[in-house]
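Reading through the structure tokens given below for one structure.
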Amino acid sequence: MAVTYLKTGKPAADVAAQDAQVRKIVEDTLADIETRGDAAVRELSAKFDKYEPENFLLTASEIEAAMQKVTPREMEDIKFAQTQIRNFAQAQRASMTDVEIETMPGVILGHKNIPVQSVGCYVPGGKFPMVASAHMSVLTASVAGVPRIVASAPPVNGAPHPAIVAAMHMGGAHEIYVLGGMQAVGAMAIGTESVKPVDMLVGPGNAFVAEAKRQLFGRVGIDLFAGPTETMVIADDTVDAELCATDLLGQAEHGYNSPAVLLTNSRKLADATLVEIERILEILPTAETARTSWQDYGEVIVCDTYDEMLAVANDIASEHVQVMTDRDDWFLENMHSYGALFLGPRTNVANGDKVIGTNHTLPTKKAGRYTGGLWVGKFLKTHSYQRVVTDEAAALVGEYGSRLCMLEGFVGHAEQCNIRVRRYGHRNVAYGTAAE
């Protein structure tokens with residue numbers, strides 16, 4: 001049994017050094033936004049996006065003007081995608097029910113699912129304006145019932161991107177800002193003179209946006225740590241090299257640092273895929289980005305067995321996992337660490353990214369070990385409550401509670417229980433008092 005790496009990416013130390021640089025830049029930038037507010041945000045927008053409008057918040061008429069620039073075909077496509085995403089989000093929401101149960105006579109316990117009260121949804125722009133991210137965050141928050149949904153995306157060519165604005169507006173955004181990068185998430189989380197802070201930040205972004213969310217976590221909630229796009233293709237000899245290469249490069253084009261991994265038990269398929277990748281890179285319009293990403297972050301791993309493939313896949317915990325084998329359901333049953341699975345050759349990550357209905361904001365950098373992706377439940381907080389409705393229950397629980405408090409040395413805690421025993425127990429003896 002063996003695992004063979006035909007191709008590896010950058011050394012881990014190089015990646016860590018880059019991450020350290022990003023951390024310092026983000027820390028300084030967020031401190032500047034906290035100190036100088038709108039002035040800092042305006043300077044950052046001018047520096048990075050060459051954009052200095054009178055107001056970053058779009059008015060109703062500006063939203064309408066932007067939407068007028070979206071073609072009828074584009075508008076229909078956006079509506080179709082939002083219908084699929086809304087349908088799945090509504091089904092997910094329906095699965096989350098409030099609970100109330102009488103656990104013993106007179107004791108009622110329950111929980112309620114309450115929407116986060118304000119959410120900042122970041123939609124990436126840059127080289128590829130990600131219209132779909134508006135559906136994934138804004139629309140899903142709307143289905144969850146969030147009462148204040150703030151959406152922000154960078155300008156494209158010095159103006160709001162019409163399709164992004166349309167998707168935000170149709171998805172249910174209450175405020176739409178034309179702000180990008182660190183200045184957007186910083187303004188939404190910290191607040192400025194013109195931007196009221198939110199309770200939670202969601203949405204993908206570049207390394208600086210991801211790091212800003214990490215540093216702001218605690219001050220606000222976040223959906224997850226969504227760094228550069230990652231993809232893994234798990235394949236055997238039931239599929240060909242063209243399919244594997246296409247699925248790897250289809251995600252490698254996202255950015256210069258998007259890991260793409262082929263995991264297979266077929267050396268023949270691995271070799272053929274390496275050749276096919278080079279062929280496609282010669283004709284792919286986004287080859288400049290995809291080639292750098294593949295050279296620096298691409299990997300080809302050959303295993304002897306399916307069990308080895310499974311173990312390596314769970315260890316890598318990739319964001320997108322495309323499974324094309326003779327046992328896709330076995331991988332579905334046994335995979336436990338990943339962002340989302342795409343099962344079978346008819347399925348692909350791009351459909352998940354744009355239209356099929358599942359959410360494309362997914363965990364990266366091994367975060368799939370402890371969290372899933374963005375979904376309607378991320379916008380809901382499950383809060384418990386309790387009610388004691390009989391004297392007998394108050395006295396009985398109080399007796400146990402008092403003794404257990406004293407077991408830990410919490411005398412004041414015990415007295416909270418004791419006073420209920422005295423008042424509702426209908427007898428003079430207080431069980432488990434501090435005096436005992």
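The values are calculated or read from the model by the stated rules, or taken from the named source; none is laboratory data. Given the structure is predicted, the values throughout are model-derived calculations rather than measurements. Every residue, glycine among them, receives a Cβ derived from its backbone with ideal geometry; neighbour counts consider all protein chains shown. Areas reflect the complete protein model, heavy atoms only, side chains present, ligands, DNA and RNA absent. Shrake-Rupley method; radii C 1.70, N 1.55, O 1.52, S 1.80 Å.
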Scan Leu262, Leu216 and give me the residue that is more than 18 Å from the chain's Cα centre (by Cα) and aliphatic (A, V, I, L, M).
Leu262
Please verify whether segment 117-124 includes one or more residues that are within 25 Å of Gly250 (Cβ to Cβ) and at pLDDT below 95.
yes
In the list Glu27, Glu43, Glu76, Glu54, which residue meets the criterion of being charged (D, E, K, R) and under 22 Å from the mean Cα position of the chain (by Cα)?
Glu27
Testing Lys50 on (1) open to solvent by 70 Å² or more (accessible area, probe 1.4 Å); (2) in contact (Cβ under 8 Å) with a residue 60 or more places away in the chain; (3) more than 30 Å from Thr292 (Cα to Cα); (4) among the charged types (D, E, K, R), one condition comes back false. Which one is that?
(3)
When segment 337-348 is examined, which residues are found to be in contact (Cβ under 8 Å) with a residue 24 or more places away in the chain, touching a strand residue (DSSP E or B) at 6+ places or on another chain (Cβ under 8 Å) and part of a loop (DSSP other than H, G, I, E, B)?
Tyr338, Gly339, Pro345, Thr347, Asn348
When you go through (1) in contact with a Lys or Arg (Cβ under 6 Å, 6 or more places away or on another chain); (2) surrounded by fewer than 24 Cβ atoms within 10 Å (Cβ to Cβ) one by one for Asn157, which number turns out not to apply?
(1)
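Restricting the search to segment 221-243, which residues are of a type outside the set (Asp, Glu), open to solvent by 10 Å² or more (accessible area, probe 1.4 Å) and farther than 19 Å from Ser133 by Cα? Talk me through it step by step, then tell me what you get.
Step one: of segment 221-243, the residues of a type outside the set (Asp, Glu) are 221-222, 224-229, 231-235, 238-239, 241, 243.
Keeping just the survivors that are open to solvent by 10 Å² or more (accessible area, probe 1.4 Å) gives 221-222, 225, 227-229, 238-239, 241, 243.
Matches in segment 221-243: Thr238, Val239, Ala241, Leu243.
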Which residues, taken from segment 1-47, are surrounded by 13 or more Cβ atoms within 10 Å (Cβ to Cβ), farther than 30 Å from Leu263 by Cβ and among the small types (Gly, Ala, Ser)?
Ala31, Gly37, Ala39, Ala40, Ser45
Which one is farthest from the chain's Cα centre (by Cα) among residues in segment 392-436 that are at pLDDT 95 or above and in a loop (DSSP other than H, G, I, E, B)?
Gly409
Against the definition (in contact with a Ser or Thr (Cβ under 9 Å, 6 or more places away or on another chain), outside any helix (DSSP H, G or I) and touching a residue at least 40 places away in the same chain (Cβ under 8 Å)), how does Leu44 come out, yes or no?
no
The lone condition Lys79 fails out of (1) surrounded by fewer than 14 Cβ atoms within 10 Å (Cβ to Cβ); (2) part of a strand (DSSP E or B) is (2)
Return the pair list, or none, for Cβ contacts closer than 6 Å from residues in segment 171-195 that are under 11 Å from Leu30 (Cα atoms) to residues that are among the acidic types (Asp, Glu) and open to solvent by 20 Å² or more (accessible area, probe 1.4 Å), at least 6 apart or on different chains.
Ile190/Glu34
If Leu201 passes every condition in (1) in a strand (DSSP E or B); (2) closer than 21 Å to Thr289 by Cβ; (3) not basic (Lys, Arg) but one, which one does it miss?
(2)
Those residues of segment 183-215 which are open to solvent by 10 Å² or more (accessible area, probe 1.4 Å) and modelled with pLDDT under 95 amount to Pro204, Gly205, Asn206, Ala207, Phe208, Ala210, Glu211, Arg214
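Filter segment 204-243 for residues that are part of a helix (DSSP H, G or I), closer than 30 Å to Pro345 by Cβ and charged (D, E, K, R) and give the result.
The first filter runs over segment 204-243 and keeps only residues part of a helix (DSSP H, G or I), leaving 207-216, 241-243.
Among the residues that remain, those that are also closer than 30 Å to Pro345 by Cβ are: 241-243.
Passing the criteria: only Glu242.
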Filtering segment 152-173 down to residues that are under 11 Å from Met130 (Cα atoms), of a type in the set (Gly, Ala, Ser) and assigned to a loop (DSSP other than H, G, I, E, B) yields none
Determine, yes or no, whether Ala141 is open to solvent by less than 30 Å² (accessible area, probe 1.4 Å), within 30 Å of Thr382 (Cβ to Cβ) and in contact with a Lys or Arg (Cβ under 7 Å, 6 or more places away or on another chain).
no
Any residue at all in segment 87-97 that's buried (at least 24 other Cβ atoms within 10 Å of the Cβ) and outside any loop (DSSP other than H, G, I, E, B)?
yes
Test: residue in segment 327-347 that is of a type in the set (D, E, K, R), touching a Phe, Trp or Tyr at 6+ places or on another chain (Cβ under 9 Å) and open to solvent by 50 Å² or more (accessible area, probe 1.4 Å):
yes
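Only one residue in Val156, Val131 is among the hydrophobic types (A, V, I, L, M, F, W, C) and over 21 Å from Lys213 (Cα atoms). Which one? First the steps, then the outcome.
Details: Val131 fails: over 21 Å from Lys213 (Cα atoms).
Just one listed residue meets the conditions, Val156.
Considering only residues of segment 358-391 that are in a loop (DSSP other than H, G, I, E, B) and over 22 Å from Gly339 (Cα atoms), which is least open to solvent (accessible area, probe 1.4 Å)? Outline the logic, then answer.
Applying the first criterion (in a loop (DSSP other than H, G, I, E, B)) to segment 358-391 yields 358-366, 370-375, 389-390.
Right, trim to over 22 Å from Gly339 (Cα atoms) and you get 389-390.
Working: Val389: 81, Thr390: 50 Å².
Ranking the candidates gives Thr390 first.
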Residue count, segment 177-189 (criterion: within 20 Å of the chain's Cα centre (by Cα) and not in a loop (DSSP other than H, G, I, E, B))
9
Considering only segment 56-74, I want to know if a residue exists there that is touching a helix residue (DSSP H, G or I) at 6+ places or on another chain (Cβ under 8 Å), open to solvent by 50 Å² or more (accessible area, probe 1.4 Å), in contact (Cβ under 8 Å) with a residue 12 or more places away in the chain and part of a helix (DSSP H, G or I).
yes
